[in-house]
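One structure is given below, encoded as structure tokens.
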Amino acid sequence: MLRRTIVLLALAGLLTACASDPGPAAAPSGSDGAFPVRIDHAFGTAEIPARPQRVVALGVTDADPVLALGVTSVAVASYTFYQETGGLGPWARGLVQGEAPQVLTEPEPNLERIAALRPDVIIALSAGIDQAAHDQLSAIAPVVARPAGSIAFGVGRTEQIRAVATALGETARGEELVRTADTAFSDAVAAHPELRGKIGATVLPFDGKYGAFTDADARGRFMTGLGLAQPPAIAERDDGQSFYVEVASEQAGLLDGDVMVMLADEGAAKQQVDSDPVLRQVPVVARGDMVVPDADTRGAMTYNSVLSAPFALERLVPQLAEKLRD
């Protein structure tokens with residue numbers, strides 16, 4: 001399952017909740033400026049003795065909450081589509097202070113390289129590490145990993161920022177960021193009530209089939225945060241063990257709804273429709289209600305962080321509203 005998850009994430013990079021973003025609750029303890037703090041997670045407990053100065057953001061979206069809290073990581077991981085631009089999306093680059101972070105491009109944690117960075121804490125919330133990798137990393141520095149009960153790459157925006165804020169001794173600021181992101185969603189829905197209650201799949205084409213993102217994924221949660229629901233046939237097939245439902249080409253009708261968001265370049269999306277007669281006849285596609293966001297909007301949805309969510313809302317909501325007003 002983990003290998004399959006990593007493959008689909010890589011494909012997403014190449015193609016480049018409700019608003020409160022519910023999910024498994026982290027179990028941090030501590031308050032602003034008070035250390036040590038303890039953060040329980042799927043692989044144990046991170047014990048952070050003092051306010052971290054050197055942070056490695058090992059999860060593919062973990063640099064965002066760190067930056068939002070005023071800290072520039074010494075190194076960051078990233079989805080493929082931002083590895084050539086410093087590992088950060090356009091919504092985050094302006095917050096870098098001092099030396100730019102190193103970009104970790106290795107598919108698995110490079111222990112020697114990470115150790116050489118002398119981190120005080122390793123943030124691995126949106127990472128695919130397992131128990132063995134955690135144990136190796138924790139020999140270098142405390143590791144803040146995903147909460148128990150969550151799947152790899154499945155930590156929600158709110159849980160992510162709260163865990164990072166606890167690790168950095170900035171819990172009050174973390175709650176401010178939660179409220180700001182939640183308000184951005186509620187304001188978008190209030191301004192566009194035509195979105196509420198509509199059905200919309202968020203789809204990635206790959207290997208001649210489709211991945212329909214679920215609420216376990218940031219892109220799926222982004223849509224439900226706007227009040228849109230998954231197509232019923234997709235929801236029925238969601239077993240909670242993966243962040244997407246695989247849909248064969250001949251089953252493309254399962255993706256029908258009031259709107260569809262296709263996560264592909266415009267040319268690739270057109271080619272996909274032209275080459276797939278089943279997809280072409282799905283009503284939402286046939287009547288022209290498929291939205292193809294630009295690369296940075298797709299990236300911002302993929303991150304769905306406290307920094308990227310407002311960026312994505314500003315760009316995607318008008319496109320959705322235009323389709324749903326027709």
Task: Within segment 200-263, strands (runs of 3 or more DSSP E) holding 1 or more residues that are closer than 18 Å to Asp289 by Cβ and hydroxyl-bearing (Ser, Thr, Tyr) - done: 200-206, 209-213
Open item on the list: Can you pull out every residue in segment 294-322 that is surrounded by fewer than 21 Cβ atoms within 10 Å (Cβ to Cβ) and not β-branched (Val, Ile, Thr)?
Closed with: Asp294, Ala295, Asp296, Pro310, Glu314, Arg315, Pro318, Gln319, Ala321, Glu322
Task: Residues (hydrophobic (A, V, I, L, M, F, W, C) and farther than 15 Å from Leu104 by Cα) located in segment 65-79 - done: Val66, Leu67, Ala68, Leu69, Val71
- [ ] Name every residue in segment 52-100 that is among the charged types (D, E, K, R) and outside any loop (DSSP other than H, G, I, E, B), in order of residue number.
- [x] Asp64, Glu84, Arg93
Open item on the list: Under 6 Å between Cβ atoms, which residue pairs at least 6 apart in sequence (or on different chains) link something in segment 268-289 that is more than 21 Å from Glu322 (Cα to Cα) with a partner that is not in a helix (DSSP H, G or I)?
Closed with: Gln272/Pro205
Task: Members of segment 31-51 that are under 17 Å from Gln160 (Cα atoms), modelled with pLDDT of 95 or more and in a loop (DSSP other than H, G, I, E, B) - done: Ala42, Phe43
Open item on the list: Can you tell me which condition Phe185 does not meet? The list is (1) over 21 Å from Val317 (Cα atoms); (2) among the aromatic types (Phe, Trp, Tyr); (3) crowded, with 22+ Cβ neighbours inside 10 Å, and all the others hold.
Closed with: (1)
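Of the residues Ala248, Ala268, which is over 30 Å from Thr180 (Cβ atoms), aliphatic (A, V, I, L, M), under 23 Å from the mean Cα position of the chain (by Cα) and surrounded by fewer than 18 Cβ atoms within 10 Å (Cβ to Cβ)? Steps first, answer last, please.
Details: Ala248 fails: under 23 Å from the mean Cα position of the chain (by Cα).
On inspection, the qualifying residue turns out to be Ala268.
Working carefully through the options Val278, Val317, Val285, Val291, find the one that is of a type outside the set (Phe, Trp, Tyr), in contact with a Lys or Arg (Cβ under 8 Å, 6 or more places away or on another chain), at pLDDT 95 or above and outside the structural domain of Leu177 (by TED's automatic domain parsing). I'd like the intermediate steps shown before the answer.
Values: Val278 fails: in contact with a Lys or Arg (Cβ under 8 Å, 6 or more places away or on another chain); Val317 fails: in contact with a Lys or Arg (Cβ under 8 Å, 6 or more places away or on another chain); Val285 fails: in contact with a Lys or Arg (Cβ under 8 Å, 6 or more places away or on another chain).
After ruling out the rest, the residue left standing is Val291.
The values are calculated or read from the model by the stated rules, or taken from the named source; none is laboratory data. Predicted model, so just to flag it, every value in this text is computed and none were measured. Using ideal geometry, Cβ is built from the backbone for each residue, glycine included, and neighbour counts are taken over all protein chains shown.
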